[in-house]
Amino acid sequence: MNGSYAVSIEHNIFQENHGLGSGGGVTINKAKARVSDCVLIGNTAFEAGGVKSHRGEVEVARCLFSGNAGQVLAAESAAMIRP
């Protein structure tokens, strides 16, 4: 993805959060977003324990994901993961 982002989340730790529906760590709704240099550990939700995008575009760069859990895999939008 190129261009500007409506939402930019950088240098954060999301640990042991719970989302009732989706996105235990981070939920992006109808936005172009970038999540970079973050740590997401032990987050849970029905859909996507770590990061959930609903009708948006999310670029994830240099983030550590560990132990996040969701009952279903949520892949409703384009996401780009970069090293």
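The numbers here are math on the coordinates, done by the rules we state, and not lab data. Because the structure is a prediction, the values reported are computed rather than measured. Ideal geometry is used to build each Cβ from the backbone, glycine not excepted, and the neighbour counts take in all protein chains shown.
Residues V26, V35 in ascending order of nearby Cβ atoms (within 10 Å, fewest first): V26, V35.
Starting from the Cα of Y5, step 7 Å toward the Cβ, then list every residue of segment 30-72 with an amide N under 16 Å from that point. Correct set: 30-40, 51-54, 56-65.
Here's how it looks for V60: its modeled amide H is under 5 Å from those of V35, M80, I81, R82, which are all 5 or more places away or on a different chain.
Modelled spin labels at K30 and H18, positioned 7 Å past Cα toward Cβ, are 2.9 nm from each other.
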